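Participant: Structure incoming, see below.
The values are calculated or read from the model by the stated rules, or taken from the named source; none is laboratory data. Here the structure is a predicted model, which is why all the values come from computation and not from measurement. Cβ placement follows ideal geometry from the backbone for every residue including glycine, while neighbour counts extend to all protein chains displayed. Each accessible area value is taken on the protein alone, full model and side chains, heavy atoms only, with ligands, DNA and RNA left out. Shrake-Rupley method; radii C 1.70, N 1.55, O 1.52, S 1.80 Å.
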Amino acid sequence: MIFIVYSILFIVGNFIGNVQLEDGSLCAGKNVTSQPVIDYCNSQDGYLIFRCCRSSDNESFIAVDLMDSNLTATPDFAHFENFNLSVVDLRSNPQLVPSPDDFLTLKYLDYLILPEQFDCPGGHDVWEVIDKTTDPVGNRCLHQKDFCSNSTDMCDENGSYCSANGPHHFLCLCKHGYHGYKCLRSGKFPTAAFFASTLVATFITSAILYWTQRRHVK
């Protein structure tokens, strides 16, 4: 019986350690204290791991509490694997300064809570509801809008379309049948010709470098 208990504790310990390694250090540290993160995690049948909420299917992190983290810049969430965040709480970070690339790739972010000196990115063009919070004080940004539907002129080339890529961020992607710079070329991409020319260029460059270096060999 004791052996079974120790085995379970060992497995749980390894799992938590792997989670810390997997997410870098974003989840590590104190336990969650943000009530919005706790409430959302419970509503999704997720489970809390330090600062984060893990989805019920164990596939991704869906919420994170970064309050009191002494942050001066918003973390680059794109660098963390398996983060599909819907709720982020960044209050109680008085030195946090906004930048144009904040929250890039967080296209499913629906509930963002920021320090009082940090406005909701994109304002009412991006969020359905913007209001204040207390205890701690902050700015609450609720329900991210489809930025592309509100900004139809973002991708003005006929062969491209707008794809949301986080609050106040977007990508211009090529429609089916278009490719190249600004999706201006139509038809099938010449894959065979592209790889053939690449191989030829690589071979010629390698040959030139080889013979150039051989001249210095005694």
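Participant: Can you pull out the residues in the range 165-176 that are open to solvent by 30 Å² or more (accessible area, probe 1.4 Å) and closer than 24 Å to P121 by Cβ? It would help to see each step written out before you state the result.
Facilitator: Just the residues of the range 165-176 that are open to solvent by 30 Å² or more (accessible area, probe 1.4 Å), to begin with: 168, 170-176.
Hits for the range 165-176 are H168, F170, L171, C172, L173.
Participant: Another question about this same structure. Consider L106 carefully, then state whether it is open to solvent by less than 60 Å² (accessible area, probe 1.4 Å), in a loop (DSSP other than H, G, I, E, B) and touching a residue at least 40 places away in the same chain (Cβ under 8 Å). Don't jump to the end; show me each part of the working.
Facilitator: Details: open to solvent by less than 60 Å² (accessible area, probe 1.4 Å): yes; in a loop (DSSP other than H, G, I, E, B): yes; touching a residue at least 40 places away in the same chain (Cβ under 8 Å): yes.
Yes.
Participant: On to the next question. Could you please find all residues in the range 76-95 being within 22 Å of T133 (Cα to Cα), open to solvent by less than 50 Å² (accessible area, probe 1.4 Å) and of a type outside the set (K, R)?
Facilitator: At the first step, the residues of the range 76-95 found to be within 22 Å of T133 (Cα to Cα) are 85-95.
Narrowing the set further to residues that are open to solvent by less than 50 Å² (accessible area, probe 1.4 Å) leaves 85-93.
L85, S86, V87, V88, D89, L90, S92, N93, listed by residue number.
Participant: Looking only at the range 110-148, filter to residues that are touching a helix residue (DSSP H, G or I) at 6+ places or on another chain (Cβ under 9 Å), part of a loop (DSSP other than H, G, I, E, B) and not charged (D, E, K, R); which one of those is surrounded by the most Cβ atoms within 10 Å (Cβ to Cβ)?
Facilitator: Across the range 110-148, the extreme among qualifying residues is V126.
Participant: Among P167, P136, P100, which is the only one that is within 22 Å of the chain's Cα centre (by Cα), modelled with pLDDT under 95 and within 20 Å of P36 (Cα to Cα)? Walk me through how you get there before you give the answer.
Facilitator: Details: P136 fails: within 22 Å of the chain's Cα centre (by Cα); P100 fails: within 20 Å of P36 (Cα to Cα).
Checking each option against the conditions leaves just P167.
Participant: Is at least one residue of the range 159-177 over 26 Å from N84 (Cα atoms) and touching a residue at least 24 places away in the same chain (Cβ under 8 Å)? Full working, then the answer.
Facilitator: Just the residues of the range 159-177 that are over 26 Å from N84 (Cα atoms), to begin with: 159, 176-177.
Those left that are additionally touching a residue at least 24 places away in the same chain (Cβ under 8 Å): 159.
Checked against the condition, which is being over 26 Å from N84 (Cα atoms) and touching a residue at least 24 places away in the same chain (Cβ under 8 Å), the range 159-177 yields at least one hit.
Participant: When you look at P98, is it open to solvent by 20 Å² or more (accessible area, probe 1.4 Å), closer than 13 Å to L26 by Cβ and in the same structural domain as V37 (by the TED database), yes or no?
Facilitator: no
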